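**Q** Below you'll find the structure I mean.
Every read-out reported here was derived from the displayed coordinates using simple, explicitly stated rules and does not represent laboratory data. These numbers come from a predicted model, not from an experiment.
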């Protein structure tokens, strides 16, 4: 069986990334055969470059590919970096949780339309908290190296739900 639309795929991989102008890649994530990444191929939940590089592969095939930002998490956009009034982070007593709101932390946020998003705290001043709402890997070249461990046809239930069920997938 080869990887194609509506396949449940298990892979192990090492992901590293490199920002523009950097010479060395930085490790991002590693999965192992005992705890693989399991996904429904072609469901639209993964970055384009990842799926296009795996299409047609078989169990046991090794892979090693690079993905440019355009096929990964996109470019880093300065308009996604915003200053939010520090008072937006105060509780009902006018205090801020400095353990939660600190530089480097990623915070769940909701915009004025109720959309959920995550932002990285970049700076805290007396007036504002600078938040970056770009994906943490935006603007970076991605390097995936790994192996295809398992491929099977998705069940009707998995297809109707749009995700994998059972080991390595979603459990209801």
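**Q** Taking the C-alpha atoms of region 1-115, how large are the radius of gyration and the largest Cα-Cα span, Dmax, in Å?
**A** 19.5, 60
**Q** As a test of understanding, state the convex hull volume per residue of region 50-91 from its alpha carbons, in Å³.
**A** 137 Å³
**Q** Let me ask something additional. Comparing 47, 84, 151, which has the greatest mean-square fluctuation in the GNM of the chain with Cα pairs linked when under 10 Å apart?
**A** Maximum fluctuation in the GNM of the chain, among the listed residues, is at 84.
**Q** Between 20, 145, 70, which gets the highest mean-square fluctuation from a Gaussian network model of the chain, Cα cutoff 10 Å?
**A** 20
**Q** Restricting things to alpha carbons, tell me how big region 19-78 is in terms of Rg and Dmax, in Å.
**A** Computed over the Cα atoms of region 19-78, radius of gyration and Dmax are 13.7, 41 Å.
**Q** May I ask you to work out the translational diffusion coefficient for region 37-172 at 25 °C, viscosity 0.890 mPa s, via Stokes-Einstein with Rh from the Kirkwood sum over Cα pairs, reported in whole µm²/s?
**A** 136 µm²/s
**Q** Under 8 Å for C-alpha pairs, at least 6 residues apart: give me the relative contact order for the chain, rounded to a whole percent.
**A** It rounds to 35 percent for the chain.
**Q** If you don't mind, another one. I want to verify a result. In a Gaussian network model of the chain, Cα cutoff 10 Å, which of these has the top mean-square fluctuation: 45, 119, 72?
**A** 45
**Q** Another one. Starting from the alpha-carbon convex hull of region 78-132, give the projected area averaged over all orientations, in nm².
**A** Computing the convex hull of the Cα atoms and averaging its projections yields 3.9 nm².
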